[in-house]
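K.L.:
Before anything else, here's the structure in question.
The values are calculated or read from the model by the stated rules, or taken from the named source; none is laboratory data. Given the structure is predicted, the values throughout are model-derived calculations rather than measurements. Here the Cβ positions follow ideal geometry from the backbone for every residue, glycine too, while neighbour counts run over all protein chains shown.
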Amino acid sequence: MAIKRKRSFGSLLFSLLALVAAGALLISYLALFLNPTDYPVTMFFGLYYIPILLINLMILLLALFRYRRALLIPIVALLPTLLVADRFVKFGRESQQPAGPSIKVLSYNLGRYDGGGRRVTSNESVSGVKRYLAEQDADVVCLQEFAVKDTASLSTYLPEYPYRAKHLFKGNRFFGNVTLSKYPILQSRALTFPESRNLSLVTDIAVNGRTVRVYNCHLESYSISFTSLIKRLFHKESFTDEVLQVHDRVREATRRRSAQVETLLQSEAESPYPNLVCGDFNDTPISYTYHKLIQTKKDSFAEAGTGFGGTYSILWPMLRLDYILLPQEYTADRHQTDRVPWSDHYPVTTYVYFDKQP
């Protein structure tokens, strides 16, 4: 009899844990639709969608083999994941190889050449990035957190790209966004954001008789080093104070990013040309940022990627922060995420096929 009571308690405890995990996963879905400025808690659940998902998958397996009475809980929680799974991982997809004119687009956050915390010097990162970009031979290259000691040297950076646009801020070095193109740049301007040194570099590019507007974006980051954060937490007397400081910083970054997305969407709506939106959004595919920007777009990874889509090297493959979004009437092919060691982000490339001849 005692054994039966013990099992009943274990089953009840498992069901309770399953409900908590399911609730966390369901809240993470809400991060797609609720503005984190108004509902900041949903942003945290969206950010940790992958580990929350893995916990629910583990609960599903345990329920299948031991706690069958609780099986319905993880099944219900996991069902919506079927609608968003291709934003994170894709398996077994063959290349479409569509016909027609196309350009190869590359987006890369260089992290100011800091090597992403690896044992790579700044000079090694500069040389490595140059070699990588030369090998990729993309038609349009969108760089974020590009850094250079003086702007004059930018004219000699990758001379195979005769057309270039930039918006750089002055610090210890000049840093910001740079767009390189093998096609003529008709005009460019910086879409800057209040209270921030993040921006979107807007460039109109003439491609074989058509004009395409390219948004090279670097949206608000959390400005948190996860490695240093862990060290500080373990060496700080007041754990709660440190957590609150991080929470405040994340919440402020989220508030700014939400406003930046609205500014970007307004600019897109006023564009007379088809828009490509590339760059580091500093948000996952389970986020308000992504949901708003993808409304009238295709995600090149969801359309043409394979494997894991993660682009943040430190927590790979959990965080996908870098994107290439294209108009619905265009087609993406051969999306690729290259795990090169020159930044804390990985570069993404895709071929963009136009809908028809101009």
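K.L.:
Given the options 265, 276, name the one that is among the hydrophobic types (A, V, I, L, M, F, W, C), surrounded by fewer than 17 Cβ atoms within 10 Å (Cβ to Cβ) and modelled with pLDDT of 95 or more.
P.N.:
Criteria check complete, one pass: 265.
K.L.:
Quick one: would you say residue 190 is of a type in the set (A, V, I, L, M), within 23 Å of the chain's Cα centre (by Cα) and over 22 Å from residue 103 (Cβ atoms)?
P.N.:
Taking the combined requirement at face value, the residue satisfies it.
K.L.:
Please state which one of 98, 51 is touching a residue at least 12 places away in the same chain (Cβ under 8 Å), touching a Phe, Trp or Tyr at 6+ places or on another chain (Cβ under 8 Å), not aliphatic (A, V, I, L, M) and not in a strand (DSSP E or B). Please lay out each step first, then the result.
P.N.:
On the way: 51 fails: touching a Phe, Trp or Tyr at 6+ places or on another chain (Cβ under 8 Å).
Answer to the check: 98.
K.L.:
Just give me the residues in region 260-280 being under 13 Å from residue 199 (Cβ atoms) and either in a loop (DSSP other than H, G, I, E, B) or of a type in the set (S, T, N, Q) (or both), in sequence order.
P.N.:
260, 263, 267
Residues checked against (1) modelled with pLDDT of 90 or more; (2) in contact with a strand residue (DSSP E or B) (Cβ under 6 Å, 6 or more places away or on another chain); (3) loosely packed, with under 14 Cβ neighbours inside 10 Å:
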site	(1), (2), (3)
124	no, no, no
144	yes, yes, no
151	no, yes, yes
168	yes, yes, no
192	yes, yes, no
199	yes, yes, no
217	yes, yes, no
221	no, no, no
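K.L.:
Could I ask something else about it? Could you tell me how many of the residues in region 250-262 are of a type in the set (Gly, Ala, Ser) and buried (at least 18 other Cβ atoms within 10 Å of the Cβ)?
P.N.:
2
K.L.:
While we're on this one: Go through the residues of region 298-318 one by one and say whether even a single one is under 18 Å from residue 210 (Cβ atoms) and of a type outside the set (Lys, Arg).
P.N.:
Looking only at region 298-318, we keep the residues that are under 18 Å from residue 210 (Cβ atoms), and these are 298.
Retained after the next criterion (residues that are of a type outside the set (Lys, Arg)): none.
No, region 298-318 has no match at all.
K.L.:
Being in a helix (DSSP H, G or I) and in contact with a strand residue (DSSP E or B) (Cβ under 7 Å, 6 or more places away or on another chain) is the filter; apply it to region 304-358 and report the residue that is nearest to residue 111 (Cα to Cα).
P.N.:
Going through the qualifying residues, I end up with 313.
K.L.:
Out of all the residues in region 57-68, is one or more among the basic types (Lys, Arg) and loosely packed, with under 15 Cβ neighbours inside 10 Å?
P.N.:
yes
K.L.:
Could you list, ordered by first residue, the pairs with Cβ atoms under 7 Å in which the first is in region 199-211 and over 16 Å from residue 354 (Cα atoms) and in contact (Cβ under 8 Å) with a residue 24 or more places away in the chain and the second is of a type in the set (Lys, Arg) and surrounded by fewer than 18 Cβ atoms within 10 Å (Cβ to Cβ), at least 6 apart or interchain?
P.N.:
Hits for this filter: 202/189.
K.L.:
Another one. For region 227-236, does any single residue satisfy the condition of being at pLDDT 95 or above, outside any loop (DSSP other than H, G, I, E, B), touching an Asp or Glu at 6+ places or on another chain (Cβ under 6 Å) and of a type in the set (A, V, I, L, M, F, W, C)?
P.N.:
No, there is no match, as no residue in region 227-236 is at pLDDT 95 or above, outside any loop (DSSP other than H, G, I, E, B), touching an Asp or Glu at 6+ places or on another chain (Cβ under 6 Å) and of a type in the set (A, V, I, L, M, F, W, C).
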